[in-house]
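What follows is one structure encoded as structure tokens, with my remarks underneath.
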Amino acid sequence: MPEIDVLQGLNPKQIEAVTHVEGPLLILAGAGSGKTTVLTRRVAYLISKGVPPGSILAITFTNKAAKELKSRIEAFLGEKASGVWAMTFHSACARILRTELPGIGRSGRFTIMDTDDQVKLMRKVLKELDLSEKQYTPSGVLRSISSAKDNLIGPEEYAKNAVTFYETKVQQAYDLYQKKLRELDGMDFDDLIMETVLMFRAHPEILGKYQRKFAHILVDEYQDTNGAQYELTRLLAAAHRNIAVVGDDDQSIYTFRGADIRNILEFEDDYPECRVVKLEQNYRSTQVILDGAFNVVRNNVRRKDKRLWTAQEGGAPITLYAAQSGEDEARFVASEIENLASRVPLCSIAILYRTNAQSRTLEEAFLERGIPYSVLSGRRFYDRKHIKDAACYLRLIVNPRDVVAFERIVNEPPRGLGPAAVRKIIDHAAVTGTDLVRALCSAGDIKGLTSPQRKGAEGLGKAIESAAQKAADQPLHITLKDVLEMTGYMPYLEAAGTADSQERLEDLRELITSARVFAEAGGSIQEYTEQFSLISDQDTYDETNDACVMGTLHSAKGLEFDVVFLVGMEEGLLPHIRSIDDEYRIEEERRLLYVGMTRAKRLLYMTFSWSREMIMGLGRSRVSRFISEIPRELLDVKTWED
């Protein structure tokens with residue numbers, strides 16, 4: 001195959017990355033610099049130079065990326081590309097384990113446990129250890145175990161490092177969880193990588209086999225690798241050192257998932273002889289947007305020196321809008337989108353924020369104006385499960401005979417009240433002519449319920465009854481907060497201690513804020529639940545219509561849009577309140593903003609509010625420190641007074 005087919009259309013730096021054959025290679029691929037193109041062409045180039053397709057391992061992070069990579073290679077090479085291992089870390093390890101485990105006396109027919117399977121198994125573990133799920137939530141314990149496996153820490157080593165009482169109990173759960181996995185001949189996702197690494201370490205002959213097989217290793221999104229993934233690729237490349245990693249330290253934003261930015265920052269320490277190629281030509285954004293993003297991220301100490309540029313000249317300035325309030329911010333965004341709609345397809349407009357809870361005011365403004373929208377990697381604010389749960393608690397306060405609301409929350413959080421127990425409570429209410437809340441309170445009289453079920457039902461009934469009695473004499477948002485606290489809903493999420501539970505708590509606090517604003521406008525609890533139902537009704541929305549996109553900054557990585565709105569540019573939001581006192585976390589927050597800014601192709605808006613509604617009232621805000629890092633000449637500043 002002629003070389004020109006593979007190299008055609010590439011810039012000089014891309015050609016350098018594609019044609020480097022022997023030895024380690026670090027490709028620093030800036031946002032919008034053609035990373036996937038380089039990966040594809042590199043594999044095609046190696047094969048064109050006589051490298052057998054089956055000796056190339058190209059690792060990606062998602063099945064979608066692996067499929068795209070393989071399809072692009074096949075477009076160049078046809079059937080010649082069929083032997084390339086283009087797959088995720090987990091898929092590659094699963095294939096290796098199924099092949100090699102039988103040879104060392106273990107089964108290769110293991111079952112890969114999905115998330116639901118893991119939670120069910122952990123519930124059995126916690127029950128066997130007599131640990132309360134409220135204090136040791138299955139998801140929270142599994143998160144701790146996953147973090148340990150990401151760093152190749154097994155139960156025995158975890159025990160040596162356990163300091164707190166909680167960590168000691170997690171270690172016990174970890175040990176029993178692994179024993180049960182082995183009994184079931186199962187592995188979870190983290191086991192696939194960890195077990196492969198452990199097998200390679202314990203059986204040099206197996207490691208040698210795969211070192212010889214994979215003469216060339218390519219790793220995509222290297223800045224997102226964790227400890228186990230790093231060690232896996234290090235072992236495989238140790239013999240020949242033909243490893244090419246592609247990534248961008250400025251886009252390392254997944255520390256909460258176990259990603260370790262040191263892997264890419266210290267690659268040159270691991271491979272001193274490596275060639276470094278910087279892909280700095282951007283094919284996406286205007287120079288103004290790139291300059292703004294660079295002036296933010298350049299303030300990070302832990303980064304490689306690079307700066308994106310584009311052949312496109314100029315570009316519109318970045319619009320910075322200072323809003324009077326969160327509602328004013330949402331109205332500004334909606335108004336600008338209405339003005340842009342005649343020139344730009346709605347689907348090419350994105351509104352990005354730091355936390356999901358921030359979507360509430362935006363969604364309400366869009367619904368009011370009839371602007372269609374979809375939500376990236378998540379559900380709309382009022383469609384989220386925990387928001388609907390909270391609404392149903394309020395509905396039971398308003399109408400204790402609301403069986404739909406009752407069935408939704410009676411076992412949320414878990415109270416041991418399964419379908420049979422719930423049916424007995426509903427039947428008891430019908431036979432005695434009482435409402436469902438009173439039926440819960442009198443659970444001691446219901447035949448067929450176990451002692452724990454009676455206790456759980458009575459506790460729920462008394463909590464709702466108490467909240468209902470106070471509702472007439474206190475503000476709506478206090479009632480909502482009380483019922484979520486007294487029923488154990490918010491404490492359950494707090495005890496979980498996971499990133500997901502923290503996000504749900506933020507959503508619930510935002511809901512409490514919306515209840516306070518509604519009540520201050522004269523609305524009653526009944527009117528609020530009615531309005532809630534109307535807002536939640538999305539039956540008329542057609543997902544196939546042209547619609548702008550809302551999502552968190554994390555969910556937008558890898559995407560691009562003609563127009564991007566970055567909202568909530570305030571201290572406590574971006575950077576997030578949990579990161580403010582940690583310089584390493586501040587650097588990741590800065591990288592997160594960099595990712596958001598570089599999603600924009602033509603127009604970039606950044607907004608902040610001088611005040612924002614909070615649970616306890618209107619709070620003053622401070623503009624994000626990151627705004628001051630953008631040169632004034634790149635900004636077009638507007639305020640609500642203009």
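The values are calculated or read from the model by the stated rules, or taken from the named source; none is laboratory data. Remember, it's a predicted structure, so these values are computed and weren't measured experimentally. Don't worry about glycine lacking a Cβ; one is built from the backbone with ideal geometry, like all the others, and counts go over all protein chains shown. For accessibility, only protein heavy atoms count, side chains too; no ligands or nucleic acids. Shrake-Rupley method; radii C 1.70, N 1.55, O 1.52, S 1.80 Å.
Some points to look at:
- Residue within segment 445-462 that is among the hydroxyl-bearing types (S, T, Y), part of a loop (DSSP other than H, G, I, E, B), out of contact with any strand residue (DSSP E or B) (no Cβ under 7 Å at 6 or more places or on another chain) and touching a residue at least 12 places away in the same chain (Cβ under 8 Å) present: yes
- Restricting attention to segment 28-40, the residues that are touching a helix residue (DSSP H, G or I) at 6+ places or on another chain (Cβ under 6 Å), in a helix (DSSP H, G or I) and closer than 22 Å to F294 by Cβ add up to 1.
- Per-region count, segment 374-428, residues outside any loop (DSSP other than H, G, I, E, B) and more than 30 Å from the chain's Cα centre (by Cα): 17
- Residues located in segment 59-96, provided they are in a strand (DSSP E or B) and touching a Phe, Trp or Tyr at 6+ places or on another chain (Cβ under 7 Å): I59, T88
- Restricting segment 241-273 to residues that are closer than 14 Å to R585 by Cα and among the hydroxyl-bearing types (S, T, Y), the residue that is least open to solvent (accessible area, probe 1.4 Å): S252
- Filtered residue count, segment 392-428, keeping only those that are free of Cβ contacts under 8 Å to residues at least 60 places away in the same chain and more than 15 Å from A443 (Cβ to Cβ): 10
- For segment 158-181, the set of residues classified as open to solvent by less than 30 Å² (accessible area, probe 1.4 Å), in a helix (DSSP H, G or I) and among the small types (G, A, S) consists of A173 only.
- Qualifying positions in segment 305-316 - open to solvent by 30 Å² or more (accessible area, probe 1.4 Å) and either in contact with a helix residue (DSSP H, G or I) (Cβ under 6 Å, 6 or more places away or on another chain) or assigned to a helix (DSSP H, G or I) (or both): R307, G315
- Of the residues E503, E583, the single one that is modelled with pLDDT under 90, more than 30 Å from N339 (Cα to Cα) and among the acidic types (D, E) is E503.
- Selection of segment 41-58 for residues being among the charged types (D, E, K, R), in a helix (DSSP H, G or I) and free of Cβ contacts under 8 Å to residues at least 40 places away in the same chain yields only R41.
- Scanning segment 330-374 for residues that are touching a strand residue (DSSP E or B) at 6+ places or on another chain (Cβ under 8 Å), within 14 Å of E510 (Cβ to Cβ), of a type outside the set (V, I, T) and open to solvent by less than 30 Å² (accessible area, probe 1.4 Å) gives Y353, N356, Q358, S359, L362, E363.
- Annotation: of all residues in segment 447-473 being more than 23 Å from K134 (Cβ to Cβ) and more than 37 Å from the chain's Cα centre (by Cα), the one that is most open to solvent (accessible area, probe 1.4 Å) is K447.
- Test for S285: is it crowded, with 17+ Cβ neighbours inside 10 Å, among the hydroxyl-bearing types (S, T, Y) and more than 27 Å from A29 (Cβ to Cβ): no
- Positions within segment 43-81 being within 24 Å of the chain's Cα centre (by Cα) and among the aromatic types (F, W, Y), in sequence order: F61
- Test: residue in segment 563-573 that is in a loop (DSSP other than H, G, I, E, B), modelled with pLDDT under 90 and open to solvent by 10 Å² or more (accessible area, probe 1.4 Å): no
- Looking only at segment 258-293, and only at residues there that are part of a helix (DSSP H, G or I) and without any contact (Cβ under 8 Å) to a residue 24 or more places away in the chain, the one that is farthest from S501 (Cα to Cα): D269
- One residue stands out in segment 1-27 among those that are open to solvent by 20 Å² or more (accessible area, probe 1.4 Å), in a helix (DSSP H, G or I) and aliphatic (A, V, I, L, M): the one that is farthest from R241 (Cα to Cα), namely I4.
- Going through (1) surrounded by 21 or more Cβ atoms within 10 Å (Cβ to Cβ); (2) farther than 27 Å from S285 by Cα; (3) in contact (Cβ under 8 Å) with a residue 40 or more places away in the chain; (4) not basic (K, R) one by one, V38 falls short only on (2).
- Residue within segment 342-353 that is over 17 Å from L480 (Cα atoms), touching a helix residue (DSSP H, G or I) at 6+ places or on another chain (Cβ under 6 Å) and in a loop (DSSP other than H, G, I, E, B) present: no
- Qualifying position, being open to solvent by 50 Å² or more (accessible area, probe 1.4 Å), under 16 Å from Y382 (Cβ atoms) and part of a helix (DSSP H, G or I), among E527, E485: E527
- Scan segment 421-446 for residues that are open to solvent by 10 Å² or more (accessible area, probe 1.4 Å), at pLDDT 90 or above and within 23 Å of S132 (Cβ to Cβ) and the total you get is 1.
- Some residue of segment 109-117 being open to solvent by less than 10 Å² (accessible area, probe 1.4 Å) and in a helix (DSSP H, G or I): no
- Annotation for segment 189-197: no member residue is more than 17 Å from A228 (Cβ to Cβ) and open to solvent by 20 Å² or more (accessible area, probe 1.4 Å).
- Candidate set from segment 60-85 (those that are touching a Ser or Thr at 6+ places or on another chain (Cβ under 7 Å) and crowded, with 17+ Cβ neighbours inside 10 Å); member that is farthest from I206 (Cα to Cα): R72
- Extreme residue, modelled with the lowest pLDDT, among residues of segment 182-208 that are in a helix (DSSP H, G or I) and within 23 Å of the chain's Cα centre (by Cα): F189
Residues are listed down the side, and each one gets a yes or a no for (1) polar (S, T, N, Q); (2) within 30 Å of I464 (Cα to Cα):
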{"residue": "A330", "(1), (2)": "no, no"}
{"residue": "E336", "(1), (2)": "no, no"}
{"residue": "N356", "(1), (2)": "yes, yes"}
{"residue": "R360", "(1), (2)": "no, yes"}
{"residue": "F366", "(1), (2)": "no, no"}
{"residue": "K388", "(1), (2)": "no, yes"}
